[in-house]
Amino acid sequence: MQLLCGDKTLDLTRPCVMGVLNVTPDSFSDGGRFFDVGRAVEHAHRMVEQGALIIDVGGESTRPGAPAVDTEDELRRVLPVIRAVALKLPVPVSVDTFKPDVMRAAVDEGATLINDVRALQSPGALAAAASTRTAICLMHMQGEPRTMQIEPHYDDVVAEVREFLKRRLEECVRGGIRRERIVIDPGFGFGKTLQHNLSLLNGLQQLCELGVPVLAGLSRKAMLGTILGKPADQRLYGSLALATVAVLKGARIIRAHDVAETVDVVKVAAAMLEGG
Ligand code: PT1
């Protein structure tokens, strides 16, 4: 299984790790207004040394309750980092955005994967993505980041997420995006209770049946807070357990903050799959 990312090809015969690079004011800054591009790029460099095969650059947090960011601020944050990382590092750079203007500008600076938590449903997003040769990650979300964790509801979460991703996949192919460029993602924590997230992880194979690579982002999320009763900075071992399960259930890309540790568990889980 391969993913076409611009003129790069990502080999997904074995599962890989996508390293998270947040470029929001609370990361790589002096705690005030100054954002340090150099330190962000250094962190990307370290993640690649640790084995990340994709770097995901995001300038707007989509975690539950996070505030919206306007296009100008998002561009100011992500473009210099994407430019530097794409120039210096050999791996595909992903841009985590749902805004068509940010997609186009990021691709001009060297991004070769568009990671969209709204699955290209924003006005103009599908056309913007289709006008590039980048890979696309289509993610499922119920509701909006600000309010999505207020009583999320599904009759059958796995069937509904699968149906949504299947429809978006078809819509994107009709819009001119080749299947070989598309990745799907159930969107753990995006309008989902602990039970919904666990059902989706258990049923991940049913998403894999859609025939495109599946990405799973579980690192440090609130579901681990609920299971473990621990804050985000104490969820490493829980994150590694979930990454292991995701790979055993067929995920090909694991989005993670703790790259070195995640690369090890992904390798072990992949060996299990091949050895069985
Ligand atoms: C993800 C993802 C993402 N997650 C993709 N992109 C985030 N493709 C950002 C919580 O429950 O899973 N897949 N981009 C981060 N968003 C969240 C959501 C962070 C929920 C934390 C939670 O704590």
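The values are calculated or read from the model by the stated rules, or taken from the named source; none is laboratory data. None of these values were measured; they are calculated from a predicted model. Cβ sites come from the backbone with ideal geometry, for glycine too, and all protein chains shown count toward neighbours. Heads up: the accessible areas ignore ligands, DNA and RNA and are worked out on the full protein's heavy atoms, side chains in. Shrake-Rupley method; radii C 1.70, N 1.55, O 1.52, S 1.80 Å.
A few points about this structure:
- Summed over the stretch 45-90, residues that are away from the ligand (no atom under 16 Å from the Cβ), among the polar types (S, T, N, Q) and within 23 Å of residue 148 (Cβ to Cβ) total 1.
- When 26, 36 are screened for being open to solvent by 40 Å² or more (accessible area, probe 1.4 Å), more than 17 Å from the chain's Cα centre (by Cα) and within 19 Å of residue 109 (Cβ to Cβ), only 36 passes.
- Just one of (1) within 18 Å of residue 10 (Cβ to Cβ); (2) assigned to a loop (DSSP other than H, G, I, E, B); (3) out of contact with any Pro (no Cβ under 9 Å at 6 or more places or on another chain) fails for residue 144. It is (1).
- In the stretch 78-101, the residues that are in a helix (DSSP H, G or I), free of Cβ contacts under 8 Å to residues at least 60 places away in the same chain and crowded, with 24+ Cβ neighbours inside 10 Å: 78, 82
- For the stretch 156-172, the candidate set comprises residues that are closer than 15 Å to residue 198 by Cα and among the acidic types (Asp, Glu); within that set, the residue that is surrounded by the most Cβ atoms within 10 Å (Cβ to Cβ) is 160.
- Of all residues in the stretch 133-160, those satisfying the criterion of being of a type in the set (Val, Ile, Thr) and over 20 Å from residue 90 (Cα atoms) are 147, 150, 157, 158.
- Condition check for residue 246: under 21 Å from residue 116 (Cα atoms) and of a type in the set (A, V, I, L, M): yes
- Where residue 146 falls short, out of the listed (1) more than 10 Å from the ligand (Cβ to nearest atom); (2) at pLDDT 95 or above; (3) surrounded by fewer than 24 Cβ atoms within 10 Å (Cβ to Cβ): (2)
- Here residue 57 passes the criteria (1) in contact with an Asp or Glu (Cβ under 9 Å, 6 or more places away or on another chain); (2) open to solvent by less than 10 Å² (accessible area, probe 1.4 Å); (3) part of a helix (DSSP H, G or I) except the one numbered (3).
- From 162, 133, 146, residue being touching a Leu at 6+ places or on another chain (Cβ under 8 Å) and in contact (Cβ under 8 Å) with a residue 60 or more places away in the chain: 133
- Condition met for residue 114 (within 14 Å of the ligand (Cβ to nearest atom), closer than 30 Å to residue 194 by Cβ, without any contact (Cβ under 8 Å) to a residue 24 or more places away in the chain and surrounded by fewer than 15 Cβ atoms within 10 Å (Cβ to Cβ)): no
- Any hit, the stretch 244-251, residues being at pLDDT 95 or above, surrounded by 24 or more Cβ atoms within 10 Å (Cβ to Cβ) and within 12 Å of the ligand (Cβ to nearest atom): yes
- Any hit, the stretch 188-209, residues being surrounded by fewer than 16 Cβ atoms within 10 Å (Cβ to Cβ) and within 13 Å of the ligand (Cβ to nearest atom): yes
- Meets criteria (in contact with a strand residue (DSSP E or B) (Cβ under 8 Å, 6 or more places away or on another chain) and of a type outside the set (Val, Ile, Thr)) for residue 217: yes
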